[in-house]
Amino acid sequence: MTDYLLIIVGTVWVNNLVLSQFLGLCPFMGVSRKLETAIGMGLATTFVLTLSSVSSYLVDTWLLAPLDLQYLRTLSFILVIAAIVGFTEMVVRKTSPILHNVLGIYLPLITTNCAVLGVALLNIQQQHGFIESALYGMGGALGFTLVMVMFASLRERLVVADIPSVFKGNAIGLITAGLMALSFMGFSGLVKH
Amino acid sequence: MLSALFVVGGLAALFGLLLGFAAIRFRVEGDPLADKIDKLLPQTQCGQCTFPGCRPYAEAIAKGEADINQCPPGGEVTIQALAGLLGVEPKPLNAEHGEAPAQALVALIDEQTCIGCTLCIQACPVDAIVGAAKHMHTVIEAECTGCKLCLPPCPVDCILMVAVQPSPTTWKWPYPIIPLKEVA
């Protein structure tokens, strides 16, 4: 039980996907202008990341490993991720058309979100079991959602802040992201690897 | 080598089936966003937005072909609601399409003057006027949206727009008004 809790804490704070492993930076910068879109993107990514880390674990353990086809990992994981993202897009379009409109191009782009493939490959690299993979994926996605929400809230305030004109727009966004990454370094050492 | 082909091919076929099933199961009928916009519009069907009714205007907004500030009967409230739904900044009503009425209006036919020409019946977008040729017409108050489309065709100008009187079901307590006192 403690192990599972440690995985969650470790992926959300200590080895945060965005701020300490620098994965998934494109949605982090791209969809964080408004809080609602950031939350929507976070939820969609959470769904996709959890499902894809579980199913890529299953594909690797039950299909690729017995047939000695580990060299097909990246290819088949991308296939798994693409299918799950396509599925998610259909579900979101049906259940929340506004979220679908707001997320726009970023929803299909979860396919190329490096965090999703990164987590699937890290699961294999760290020899996680089934539940560990699921928790690792979910924790990573929760961490992603957390920093998305924090960053979007900061950026909403930055819009009205009095910023020197050279720093306006994405420049101050990147500086803010760097400062957030610095502060997240404070969590390192919280969980021993 | 052959097993690799089978594995990748099999995975692709499996996911293809899954997505095909999902496409049928989660099919979206029509444009649900247009539905939501349509619900926010006042349904006067007055055509002041240059579209032939509220539904076509809603579809045009959903497609991004029309702006949100073209609905005078809805006024400020509708613009705010649309801006909230679509996540855009609210903007003032476009004066080209008319002005928002200060209060809800309803048509009233002066029955002494009405000659029973049926022209207003044809103009009414919500079928709120009843009557027959050469017989007096009258307005069903509950159906009338106050769109004023029946005013121009009337040859004897017997239709008046009057403010809706509050009924026991629509009456509300007035907002508390606290008089401001000047403190020296």
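The values are calculated or read from the model by the stated rules, or taken from the named source; none is laboratory data. Owing to the predicted nature of the structure, the values given are computational and were not obtained by experimental measurement. Cβ: placed from backbone, ideal geometry, glycine included. Neighbour counts: every protein chain shown.
Give the range A:20-39 a look and list any residue that's over 15 Å from A:GLY189 (Cα atoms) and touching a Phe, Trp or Tyr at 6+ places or on another chain (Cβ under 9 Å), or say none.
Listed by number, the residues that qualify are A:LEU23, A:GLY24, A:CYS26, A:PRO27, A:PHE28, A:MET29, A:GLY30, A:VAL31, A:SER32, A:THR37, A:ALA38.
Across the range A:90-116, what is the total count of residues that are at pLDDT 80 or above, surrounded by fewer than 21 Cβ atoms within 10 Å (Cβ to Cβ) and within 18 Å of the chain's Cα centre (by Cα)?
5
Go through the range A:10-21 and count every residue that is farther than 17 Å from A:ASN170 by Cβ, of a type in the set (A, V, I, L, M, F, W, C) and part of a loop (DSSP other than H, G, I, E, B).
Taking the range A:10-21 and keeping what is farther than 17 Å from A:ASN170 by Cβ, we get A:10-17, A:19-21.
Then keep just the ones that are of a type in the set (A, V, I, L, M, F, W, C); that gives A:12-14, A:17, A:19.
Then keep just the ones that are part of a loop (DSSP other than H, G, I, E, B); that gives A:17, A:19.
Matching residues across the range A:10-21 total 2.
Pick out the one residue from B:ALA95, B:ALA13, B:ALA81 that is more than 10 Å from chain A (Cβ to nearest Cβ) and touching a residue at least 24 places away in the same chain (Cβ under 8 Å).
Result of the check over B:ALA95, B:ALA13, B:ALA81: B:ALA81.
Is there any pair linking a residue in the range A:82-95 that is facing chain B (nearest Cβ under 7 Å) to one that is of a type in the set (D, E, K, R), with Cβ under 9 Å and at least six apart or on different chains, and which?
A:MET90/B:ARG25; A:MET90/B:ARG27; A:LYS94/B:ARG25; A:LYS94/B:ARG27
Output the residues belonging to the range A:166-186 that are assigned to a helix (DSSP H, G or I) and either in contact with a Ser or Thr (Cβ under 8 Å, 6 or more places away or on another chain) or at positive phi (or both).
We begin by selecting, within the range A:166-186, every residue assigned to a helix (DSSP H, G or I); these are A:166-167, A:170-186.
A:GLY173, A:ALA181, A:PHE184, A:MET185 - these are the residues of the range A:166-186 that are assigned to a helix (DSSP H, G or I) and either in contact with a Ser or Thr (Cβ under 8 Å, 6 or more places away or on another chain) or at positive phi (or both).
Output the residues belonging to the range A:154-184 that are hydrophobic (A, V, I, L, M, F, W, C) and closer than 17 Å to A:LEU25 by Cβ.
A:LEU154, A:ALA171, A:ILE172, A:LEU174, A:ILE175, A:ALA177, A:LEU179, A:MET180, A:ALA181, A:LEU182, A:PHE184, listed by residue number.
Would you tally the residues in the range A:117-165 being among the β-branched types (Val, Ile, Thr), more than 12 Å from the chain's Cα centre (by Cα) and part of a helix (DSSP H, G or I)? Outline the logic, then answer.
Residues of the range A:117-165 that are among the β-branched types (Val, Ile, Thr), as a first pass: A:119, A:124, A:131, A:145, A:147, A:149, A:159-160, A:163.
Then keep just the ones that are more than 12 Å from the chain's Cα centre (by Cα); that gives A:124, A:131, A:149, A:159-160, A:163.
Retained after the next criterion (residues that are part of a helix (DSSP H, G or I)): A:124, A:131, A:149, A:159-160.
Summing the residues that are among the β-branched types (Val, Ile, Thr), more than 12 Å from the chain's Cα centre (by Cα) and part of a helix (DSSP H, G or I) in the range A:117-165 gives 5.
Out of the range B:1-37, which residues are of a type in the set (Val, Ile, Thr) and within 30 Å of B:GLN80 (Cβ to Cβ)? Write out each step before concluding.
First pass over the range B:1-37, keeping only residues of a type in the set (Val, Ile, Thr): B:7-8, B:24, B:28, B:37.
Within the range B:1-37, B:VAL28, B:ILE37 qualify.
Filter the range A:69-81 for residues that are surrounded by fewer than 19 Cβ atoms within 10 Å (Cβ to Cβ) and within 17 Å of the chain's Cα centre (by Cα) and give the result.
Result: A:ILE78, single match.
Given the conditions (1) under 16 Å from the mean Cα position of the chain (by Cα); (2) away from every other protein chain (no Cβ under 12 Å), which single one is not true for A:TYR57?
Condition not satisfied by A:TYR57: (1).
Quick check: anything in the range B:102-120 touching a helix residue (DSSP H, G or I) at 6+ places or on another chain (Cβ under 8 Å), of a type in the set (A, V, I, L, M) and not assigned by TED's automatic domain parsing to the domain that holds B:ALA142?
no
Taking the range A:171-182, which residues are of a type outside the set (A, V, I, L, M) and surrounded by 12 or more Cβ atoms within 10 Å (Cβ to Cβ)?
Taking the range A:171-182 first, the residues of a type outside the set (A, V, I, L, M) are A:173, A:176, A:178.
Matches in the range A:171-182: A:GLY173, A:THR176.
Just to be sure I understand, how many residues within the range B:126-171 are within 21 Å of B:GLN45 (Cα to Cα), loosely packed, with under 12 Cβ neighbours inside 10 Å and of a type outside the set (A, V, I, L, M)?
2
Yes/no per residue for (1) in a helix (DSSP H, G or I); (2) buried (at least 16 other Cβ atoms within 10 Å of the Cβ); (3) touching a strand residue (DSSP E or B) at 6+ places or on another chain (Cβ under 6 Å):
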| site | (1), (2), (3) |
| --- | --- |
| B:ALA12 | yes, no, no |
| B:LEU17 | yes, no, no |
| B:PHE21 | yes, no, no |
| B:GLN43 | no, yes, no |
| B:GLU65 | no, no, no |
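Quick one: in the range A:60-76, of everything that is assigned to a helix (DSSP H, G or I) and facing chain B (nearest Cβ under 10 Å), which residue is farthest from A:LEU43 (Cα to Cα)?
At the first step, the residues of the range A:60-76 found to be assigned to a helix (DSSP H, G or I) are A:60-64, A:70-76.
Keeping just the survivors that are facing chain B (nearest Cβ under 10 Å) gives A:63-64, A:71-72, A:75-76.
Working: A:LEU63: 29, A:LEU64: 30, A:TYR71: 31, A:LEU72: 29, A:LEU75: 25, A:SER76: 24 Å.
By that ranking, first place goes to A:TYR71.
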